[in-house]
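Accompanying notes for the structure given below.
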Amino acid sequence: AQLVASGGGLVQAGGSLRLSCAASGTTFSNSAIGWYRQAPGKPRELVARISSGGLTNYGDSVRGLFTISRDNAKNTGYLQMSSLKPDDTAVYYCRLTTIDSYLYWGQGTQVTVSS
């Protein structure tokens with residue numbers, strides 16, 4: 001499978017961004033999609049995850065601010081980020097988990113939130 005993440009950029013604090021993760025080469029509808037982020041000097045952390053059935057879970061720091069979704073017809077996952085803070089600055093990665101538990105990562109997209 002291949003994943004292409006997009007939608008990152010520079011935004012002011014309080015602003016919003018929507019990230020996209022386009023998948024190919026796998027049965028997207030049977031797969032879970034996760035968004036992770038890694039800030040400089042910090043470990044990669046879970047931001048949000050959505051199962052093949054649409055169940056979601058979020059990291060504590062983004063719960064209520066970010067929304068993960070998926071469009072199986074477009075083989076694409078999304079992360080809507082609102083009320084962004086400078087602490088949200090990181091490289092954001094999408095990850096696909098197949099029904100057989102294979103993991104695939106996208107290339108990452110930079111999100112920078114200025115104060």
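Structure summary
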{"quantity": "Condition check for A22: part of a strand (DSSP E or B) and in contact (Cβ under 8 Å) with a residue 60 or more places away in the chain", "calculated": "no"}
{"quantity": "Those residues of the stretch 40-74 which are open to solvent by 50 Å² or more (accessible area, probe 1.4 Å) and under 21 Å from S24 (Cα atoms), in sequence order", "calculated": "R49, S52, G53, N72, A73, K74"}
{"quantity": "Residues (more than 20 Å from G108 (Cβ to Cβ), of a type in the set (G, A, S) and without any contact (Cβ under 8 Å) to a residue 40 or more places away in the chain) located in the stretch 41-66", "calculated": "S51, G53, G54, G64"}
{"quantity": "Residue list for the stretch 38-85, restricted to those being polar (S, T, N, Q) and part of a strand (DSSP E or B)", "calculated": "Q38, T56, N57, T67, S69, T76, Q80"}
{"quantity": "Residue pairs meeting the criteria (Cβ under 8 Å; at least 6 apart or on separate chains; first more than 14 Å from G54 (Cβ to Cβ), in the stretch 67-79; second basic (K, R))", "calculated": "T76/R70; L79/R18"}
{"quantity": "Every residue from the stretch 18-36 that is surrounded by 21 or more Cβ atoms within 10 Å (Cβ to Cβ) and of a type in the set (A, V, I, L, M)", "calculated": "L19, A23, I33"}
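The values are calculated or read from the model by the stated rules, or taken from the named source; none is laboratory data. The model shown is predicted, which means the values in this text are computed figures rather than measured ones. Ideal geometry is used to build each Cβ from the backbone, glycine not excepted, and the neighbour counts take in all protein chains shown. Areas reflect the complete protein model, heavy atoms only, side chains present, ligands, DNA and RNA absent. Shrake-Rupley method; radii C 1.70, N 1.55, O 1.52, S 1.80 Å.
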